[in-house]
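Structure, as structure tokens:
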Amino acid sequence: MSDTRSAARAPLPWLIIASGCAIALLSFGPRSAMGFFQLPMLADTGWDRTTFGLALAIQNLFWGLGQPVFGAIADKFGTWKVLALSSLLYSSGLFIMSVAPSPGWFYISGGVLIGLGIASASFGIVLAAFARNVAPERRSMAFGIGTAAGSAGMLVFAPLSQGLIDTYGWQEALVWMAAMMFIIPFLAIPLRGNANSGTQSAIQYKQSMGDALREALGHKSYVLLVSGFFVCGFQVAFITAHFPAYLRDIGIDSSYAVLSLALIGFFNIIGSLASGYIGQLYSKTMSLVWIYLGRSVVVSAFLLLPQTGTSVIIFAILMGLLWLSTVPPTNALVAIMFGTRHLGMLGGIVFLSHQVGSFLGVWLGGYLYDIFGSYNPVWWLSVALGIAAAFLHWPIQEKAVERPAPMAAE
């Protein structure tokens, strides 16, 4: 008991956490501000909104596809190298987007390159580095801090990007943000090292990448976790992409759309920190169950009760608290199940499921609206998926996978 309490009181490596938080803020910020570039960009290029939407859908998909790949590279060759590559991919995508002469170049820059840039610098890479340097009893809190920092990127870059656009125009604003990405390699210096480094390296289980992948995909709790995280991506992406249009359809003033997204971003920070703290004290599995059930209850109440400006604000606050609060317990569960040696890759696969959900949430939102003339079918689908996710998470066992004793690390 005393050993557990001592570990729980072990200080967090604040330099590593501060560096990772700054990187999360920088990597999450520009992609969350893409919406501000839509109208001025389309006005100058003559492209339509379908073109812009498809580029962002491609971005989400490549973000998901790239995350397990870059996670595996970071696990093997080092976090700093992947983060340095991220700055090149991200800045190249932003710069080429600023001068893209055709929709094809826009899909490559704003879609593929920026998507890969985010994948190589986002939660999976940073949180895996945290896990290698934080005692298991403190990881949930560290993951909450990192997730909150990514959420803060939305708050920082929303006014920053709009101010740059107003002052310099959308093209030069993208160039300025491209230049900011070159800060990442310097911020990443404290995160250098791979799966064999860090304070937790001595207790790692030694296995190949292929063995780790086969073990995870054959583990029931991991498969359930991957399946459930799909729902998080679906719900978050649908609301982000279609909530402003939904409010316009039901006659709510457009100013509430801006306010609601800002409130979601702000309360997302609180929710992420709270989720990380709660995960240190109570079951991470049950935390996820209640988060997904909570989302379904909040959406159902919003749809069934009278919809006013006040109800929009209340909805935004509650959804903000539940927004990315799934990330700390989800990543913590992967670390508990398999350790930190291949956490970048295995956490990346979980996040790939999230991004497939994001792609479908954005696409189905528009597709089903065109069929039914209403967003209500997608809203209720989101409710049903939230309930399904709660049931998927319920059987997840919060314990390390059983392994043969002779194969354990020395």
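Can you run down the residue pairs with Cβ atoms below 6 Å, 6 or more apart or on separate chains, where the first is in the stretch 382-410 and modelled with pLDDT of 95 or more and the partner is of a type in the set (Lys, Arg)?
Filtered contacts from the stretch 382-410: 386/295.
For the stretch 15-45, give me each residue that is surrounded by fewer than 12 Cβ atoms within 10 Å (Cβ to Cβ) and at pLDDT below 90.
Within the stretch 15-45, the first condition is being surrounded by fewer than 12 Cβ atoms within 10 Å (Cβ to Cβ), and the residues that meet it are 43-44.
Scanning the stretch 15-45 gives a single hit, 43.
Looking at the structure I just gave you, is residue 349 part of a helix (DSSP H, G or I), at pLDDT below 95 and in contact with an Asp or Glu (Cβ under 9 Å, 6 or more places away or on another chain)?
Considered against the rule, which asks whether it is part of a helix (DSSP H, G or I), at pLDDT below 95 and in contact with an Asp or Glu (Cβ under 9 Å, 6 or more places away or on another chain), residue 349 comes out as no.
Which of (1) part of a helix (DSSP H, G or I); (2) open to solvent by 10 Å² or more (accessible area, probe 1.4 Å) does residue 307 not meet, given it meets every other one?
Here residue 307 clears every test but (1).
Any chance the stretch 206-215 includes a residue that's hydroxyl-bearing (Ser, Thr, Tyr), assigned to a loop (DSSP other than H, G, I, E, B) and modelled with pLDDT under 90?
Yes, the stretch 206-215 has at least one match.
Select from the stretch 158-188 the residues that are closer than 23 Å to residue 331 by Cβ and part of a helix (DSSP H, G or I) and write down the one among them that is least open to solvent (accessible area, probe 1.4 Å).
Within the stretch 158-188, the match that is least open to solvent (accessible area, probe 1.4 Å) is 184.
Hey, can you tell me all the residues within the stretch 60-119 that are open to solvent by less than 10 Å² (accessible area, probe 1.4 Å), modelled with pLDDT under 90, touching a helix residue (DSSP H, G or I) at 6+ places or on another chain (Cβ under 8 Å) and of a type in the set (Gly, Ala, Ser)?
Residues satisfying the conditions are 64, 71, 74.
Out of (1) modelled with pLDDT under 90; (2) touching a helix residue (DSSP H, G or I) at 6+ places or on another chain (Cβ under 7 Å); (3) β-branched (Val, Ile, Thr), what's the single condition that is false for residue 285?
If we test residue 285 against (1) modelled with pLDDT under 90; (2) touching a helix residue (DSSP H, G or I) at 6+ places or on another chain (Cβ under 7 Å); (3) β-branched (Val, Ile, Thr), just (1) comes out false.
The values are calculated or read from the model by the stated rules, or taken from the named source; none is laboratory data. Source: prediction; values computed, not measured. Every residue, glycine among them, receives a Cβ derived from its backbone with ideal geometry; neighbour counts consider all protein chains shown. Accessible surface is based on the protein model in full, side chains and every heavy atom, while ligands, DNA and RNA are left aside. Shrake-Rupley method; radii C 1.70, N 1.55, O 1.52, S 1.80 Å.
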